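The values are calculated or read from the model by the stated rules, or taken from the named source; none is laboratory data. In this text, all values refer to a predicted model and were calculated from it rather than measured experimentally. As a convention, Cβ positions derive from the backbone with ideal geometry for all residues, glycine included, and neighbour counts pool all protein chains shown. Just the protein is used for accessible areas: all its heavy atoms, side chains included, with ligands, DNA and RNA removed. Shrake-Rupley method; radii C 1.70, N 1.55, O 1.52, S 1.80 Å.
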Amino acid sequence: MISQILTASVIGLNVYKILVEVDINNSLPSVSIVGLPDMAISEAKERVRSAIKNSGYEFPNKKVVVNLAPADIKKVGSNYDLPIAIGILAKNGTITKTDFKDTAFIGELSLDGSLRAVCGVLPIAAGLKEQGIKILVVPSENAREAAIIQGLTVIGAKSLSEIVNHFNTDSPEHKQLEPIRVNIDEFKQTETEKDGYFDFKDVKGQIKVKKAMEIAAAGAHNILLSGPPGSGKTLLAKCFPSILPPLSFEESIELTKIYSISSLVNPQKPLITMRPFRSVHHTASAIGIIGGGSNPKPGEITLAHRGVLFLDEFAEFPRNVLEVLRQPLEDGKIVIARAKMRLEFPSDFILLAAMNPCPCGYLGDSEKQCTCSEFQIKQYRSKLSGPLLDRIDIIIDVPRLKLDELTSQSEQTAESSEAIRKRVIAARNIQMERYKEYGIYTNSELTPKLIKKFCNPDKDCIEMLKNAVRKFNLSARAYDRLLKLTRTIADLDSSENIQIKHVAQAIQYRPSI
């Protein structure tokens, strides 16, 4: 009779239950692993053999056949080491327990039998719980991460021998491993973490730009900052996370799953509690932005999910890299299609971009003359296509600071990020209450049908919107985004109805670039 041990495979964000079947027969001594394994799994036989021997157990001097079922799913990674070793030890009688139908194992083995942490533990724990698994055995470094999933018994072990002694209840070496439990409240965002943010109170001037960024944060709108060098665009961008509302627990779990499969989780504090702020250099490739590879992993747009993707020097990015942003900005997800698979990653992020108005950076500057030719300016701006700009809700100029603002030593300080954040949270709460039946969180996620339902400007507002469409030659998409923007401005004003002053303010953020 073969031994059967449960584990799991993560493909994209999808979790598949994998059955590790082990058979030992009297053929020539060897270890064969079948079931579409990758190279890391094929090499597992040597790690497993050494780990079993160095843990003080006998490795069978016979033919060992390991099957990873179902055989049509690609198996990737080193987290199969532990279930393979447990299957072999259960088959040769070293482990007396034979029924593991409600228990799953995940972990990489060192040659001395100790367990190493693996990636993707949180999505695996959540997926296995949904599929009826009650006990999950993981390396001790991954235990706190897995224990975030409530209702699942998580056992953390440091070595193979600890697991064997745990299940051999009739052995004199038996030692029960206690389940790992965590208090979710201990993962909440701390004041110390908030102190790591840049604060708007330290940014001189730029009152109009700060207001635009407050609106962007309140409705999760995409925003582009354009201005000369040294005007404060990058500093303003770094302050932006300080006014974003805290993550809900559901959003934290969703984010942690993404970061877990990307090996970006801190074992001591595995739950992601801060909204991501991903700053990408303009030399990044399209694959690095959207994700992919032979075993597709999340790209920067997915790592920025529920947070911010900051692209400094926006016009310096290659055009093909910028164009791949169009579908994720519209749909809030990215679909990666390969010959043998089709994966979907979430990518609902705020695009925050900053750029100079021209190659030299001083076009329209009040103090310094631009030295660029018309051809250079046109070529520089040609990287930003109309369809891409259509997906940016707010385009705001960041002017050079006046000398008085720059050298002012007045004790009167600008408004703090904390004060702005309170207004943003209040506006987000209004939106969450309004859209709780529709499965969305913010105004930026409104569909055309929901725009008709919740964005109802009066006749005067419609007339002003018509003039804006004619003046700026707005597309249907840009018009819809303008309506969403007016809805956010009204929410910040605690107004149930969109008023003409809200429309007028929104139109200011749609200049031609």
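Key figures for this structure:
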read-out: Sparse-neighbour loop sites [trypsin sites (Lys or Arg not before Pro); the stretch 291-358; at most 14 other C-beta within 10 Å; DSSP]; value: R338, K340
read-out: The stretch 21-117 - convex hull of alpha carbons, volume per residue in Å³; value: 98
read-out: Förster-model FRET efficiency, 35 Å R0, D202 and S262, C-beta, rounded to 0.05; value: 0.65
read-out: Alpha-carbon gyration tensor eigenvalues x 5, square-rooted, for the stretch 167-291, Å; value: 41, 18, 12
read-out: With all protein chains modelled, accessible area of H174 [1.4 Å, Å²]; value: 60
read-out: Rounded to the nearest 10 Å², the accessible area of D81 at probe 1.4 Å; value: 0
read-out: Within the chain, helix-based [θ] at 222 nm, where runs of 4 or more DSSP H residues each add -39,500 (n - 2.57), nearest 500; value: -10500 deg cm²/dmol
read-out: Cα gyration tensor shape for the stretch 373-446, rounded if a/c is under 1.5, else prolate or oblate; value: oblate
read-out: Spherically averaged projected area in nm², based on the convex hull that wraps the Cα atoms of the chain; value: 28.6
read-out: Rounded accessible area of V48 (nearest 10 Å², 1.4 Å probe); value: 0
read-out: Convex hull volume per residue in cubic angstrom - Cα atoms of the stretch 368-513; value: 160
read-out: Cα-based helix-to-principal-axis angle, 121-130 vs the chain, degrees rounded to 10; value: 70
read-out: Rounded accessible area per residue of the chain, 1.4 Å, Å²; value: 46
read-out: Length added when fully stretched, K269-K134, from 0.36 nm per residue minus Cα-Cα; value: 46.2 nm
read-out: Accessible area in the full protein assembly, largest first, 1.4 Å probe, for L363, L244; value: L363, L244
read-out: GluC sites (Glu not before Pro), loop per DSSP, at most 11 other Cβ atoms within 10 Å - longest free stretch of the chain; value: 174-366
read-out: R0 of 30 Å, Cβ-Cβ distance S27-E58: FRET efficiency to nearest 0.05; value: 0.95
read-out: Residue-by-residue Karplus 3J(HN,Hα) for the stretch 219-232, coefficients 6.51, -1.76, 1.60, Hz, glycine and proline x; value: x, 6, 8, 6, 9, 10, 9, 10, x, x, x, x, 7, x
read-out: Efficiency of FRET between N14 and E367 - r from beta-carbon atoms, R0 51 angstrom, step 0.05; value: 0.40
read-out: Label zone at N183, where the point sits 7 Å out along the Cα-to-Cβ direction: the stretch 242-257 residues whose backbone N lies under 19 Å; value: 249
read-out: Share of carbon and sulfur in the accessible heavy-atom surface of the stretch 65-125 [1.4 Å probe, %]; value: 51
read-out: Per-residue ³J(HN,Hα) for the stretch 25-38, Karplus 6.51 cos²θ - 1.76 cosθ + 1.60, θ = phi - 60°, Hz, x for Gly and Pro; value: 10, 8, 6, 4, x, 5, 10, 10, 10, 10, x, 6, x, 8
read-out: Extension reserve of the K466-S285 stretch, reckoned as 0.36 nm per residue once the Cα distance is removed; value: 61.2 nm
read-out: Simple label model, 7 Å out from Cα along Cβ direction - R381 to N473, nm; value: 1.1
read-out: Two-site label geometry, S408 and M341: point separation in nm, points 7 Å out along Cα→Cβ; value: 5.5
read-out: Length released on extending from R326 to K101, taking residue separation times 0.36 nm less the Cα-Cα span; value: 76.4 nm
read-out: Accessible-area ranking of S494, S78, S27, largest first, probe 1.4 Å; value: S494, S27, S78
read-out: Carbon + sulfur, % of accessible area of the stretch 133-192 - ligands and nucleic acids excluded, 1.4 Å; value: 47
